[in-house]
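Peer 1: Encoded as C-alpha cells, here's the structure I'll be asking about.
The values are calculated or read from the model by the stated rules, or taken from the named source; none is laboratory data. Just so we're clear, the structure is a prediction, and the values are computed from it rather than from any experiment. Neighbour counts run over all protein chains shown; Cβ positions are idealised from the backbone, glycine included. We work out accessible area using only protein heavy atoms, side chains counted, and drop any ligands, DNA or RNA first. Shrake-Rupley method; radii C 1.70, N 1.55, O 1.52, S 1.80 Å.
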Amino acid sequence: MNEKEKYYLVKEKAVPEVLLKVIEAKRLIDSGKAITVQEATEQLGISRSSFYKYKDDIFPFHENNRGKTINIILQLDDEPGLLSNVLNEIARCKANILTIHQSIPIGGIASITIGMEMRPDTKSVDDIIAAIAGIHGVNTLKILGRE
C-alpha cells in the first residue's frame with residue numbers, strides 16, 4: 001500500500017538553512033543566467049548532493065498560486081508598435097505571457113488573443129485590464145476565461 005504524501009506549511013524561520021539555500025539555488029539556476037548546479041551550490045555554500053536530495057521536495061509557498069491563467073481577446077487598430085505597447089503593459093503588470101495569436105488585420109482592425117499566467121507578484125486582473133484598455137488604439141477588450 002502506498003503511503004500518502006503529507007505536506008506541511010511552516011514559517012521560514014522553522015525551515016533549516018540548507019533547505020532555504022536549495023530554494024535559492026533553484027531560483028539562480030532558473031533565472032536564465034546560464035548558471036550550473038555546481039556554480040549555484042558553490043555560491044551558496046551547500047553540497048550538490050544536498051541540492052539533489054531536496055530539490056524536488058521544497059518550494060516557496062507562492063508557487064502554489066502559480067498556474068492561474070487568464071485569456072483575453074482584443075481588437076486593435078492596425079498600427080505599428082501597438083501590439084508591442086500592449087505586451088509591454090502586460091509585462092509592467094508582471095503577468096507572464098503564455099500565448100499570443102494575431103489574426104490578419106481586416107478593415108484596419110486586428111484581433112489578438114493573449115493567454116497569460118497570473119504570478120504571485122502580478123497586479124490584479126482589474127488593474128491589467130484597465131492598463132491595456134487605456135492604451136490608444138485598443139478598441140475592445142474582453143476576458144475570454146480564467147482558470
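Peer 1: Against the longest principal axis of the chain, how steep is helix 82-92, in degrees 0 to 90 to the nearest 10, with axes from Cα atoms?
Peer 2: 30
Peer 1: Next question, about the same structure. Apply the Karplus parameterisation 6.51 cos²θ - 1.76 cosθ + 1.60, with θ equal to phi minus 60°, to every residue of segment 111-118 and state each ³J(HN,Hα) to the nearest whole Hz, in sequence, with x for glycine and proline.
Peer 2: Working through the residues one at a time gives 9, 10, 10, 10, x, 9, 8, 8 Hz.
Peer 1: Pull up the cross-link candidates among the aspartates and glutamates for K55, meaning alpha carbon to alpha carbon under 19 Å and not fewer than 8 places away within one chain.
Peer 2: Cα-Cα hits under 19 Å: E5, E12, E17, E24, D30, E39, E42, E63.
Peer 1: Here's something else I'd like to know. Going by Cα centres, segment 86-147 and segment 13-34 are how many Å apart?
Peer 2: With segment 86-147 and segment 13-34 each reduced to a Cα centre, they are spaced 32 Å.
Peer 1: Shifting gears a bit: What is the Cα radius of gyration of segment 85-146 over 2.2 N^0.38 Å, N being its residue count?
Peer 2: Working: Rg = 11.8 Å, N = 62, 2.2 N^0.38 = 10.6 Å.
Expressed relative to 2.2 N^0.38 Å, the Cα Rg reads 1.11.
Peer 1: Same structure again: Each residue of segment 33-38 in order: what ³J(HN,Hα) in whole Hz does its phi give by Karplus 6.51 cos²θ - 1.76 cosθ + 1.60, θ = phi - 60°, with x for Gly and Pro?
Peer 2: Karplus-based 3J(HN,Hα) across segment 33-38 equals 9, 6, 9, 8, 4, 4 Hz.
Peer 1: If I stretch the segment between V10 and N88 completely, what's the gain in nm (0.36 nm per residue apart, minus their alpha carbon distance), one decimal? Each step should come with its number before you reach the end.
Peer 2: Details: separation 78, 0.36 × 78 = 28.08 nm, distance 3.65 nm.
Between V10 and N88, full extension yields 24.4 nm more.
Peer 1: At a 1.4 Å probe radius, carbon and sulfur cover how many percent of the accessible area of the chain? Please report the intermediate quantities before stating the final value.
Peer 2: Details: 5280 of 10240 Å².
Answer for the chain: carbon and sulfur cover 52 percent of the accessible area.
Peer 1: Follow-up question, since we're still on this one. Under a 5 Å amide H to amide H cut-off, with H placed in plane at 1.01 Å, what residues pair with V15 once short-range neighbours are removed?
Peer 2: Those qualifying (amide H under 5 Å, at least 5 residues apart or on another chain) number zero.
Peer 1: So, one more: So which lysines pass the test for K53, namely a Cα distance under 24 Å, with those fewer than 8 places away in the same chain ruled out?
Peer 2: Partners within reach: K4, K6, K11, K13, K21, K26, K33.
Peer 1: Keeping every protein chain present and rolling a 1.4 Å probe, give me the accessible area per residue for the chain in Å².
Peer 2: So the chain comes to 70 Å² accessible per residue, rounded to a whole number.
Peer 1: I've got another one for you. I'd like the Karplus ³J(HN,Hα) series for segment 8-24: coefficients 6.51, -1.76, 1.60, θ = phi - 60°, whole numbers in Hz, and an x wherever there's a Gly or Pro.
Peer 2: Using θ = phi - 60°, the values come out as 10, 10, 10, 6, 4, 5, 8, 8, x, 3, 4, 6, 5, 5, 5, 4, 5 Hz.
Peer 1: Counting only Cα atoms, I'd like the Rg/Rh figure for the chain, Kirkwood definition for Rh.
Peer 2: On the way: Rg = 20.7 Å, Rh = 18.3 Å.
Ratio value, two decimals: 1.13.
Peer 1: Another question about this same structure. How high is the FRET efficiency between I129 and D30 when r is their beta carbon distance and R₀ equals 30 Å, given to the nearest 0.05? Before the final figure, lay out each step's value.
Peer 2: Values: r = 29 Å, r/R0 = 0.96.
E(calc), rounded to 0.05, equals 0.55.
Peer 1: Could you please tell me the mean projected area of the C-alpha convex hull for segment 63-116, averaged over all directions and given in square nanometres to one decimal? Spell out each step's value before the answer.
Peer 2: On the way: hull surface 14.9 nm².
The orientation-averaged projected area of the Cα hull of segment 63-116 comes to 3.7 nm².
Peer 1: Also, I was wondering about something else. Could you pull out which residues in segment 130-147 have an amide N less than 12 Å from a spot 7 Å beyond the Cα of I109, following the Cα-Cβ vector?
Peer 2: Residues passing the 12 Å test: 138-141.
Peer 1: Name the residues of segment 98-115 whose amide N is less than 15 Å from a point 7 angstrom out from the Cα of Q75 along the C-beta direction?
Peer 2: 103-113
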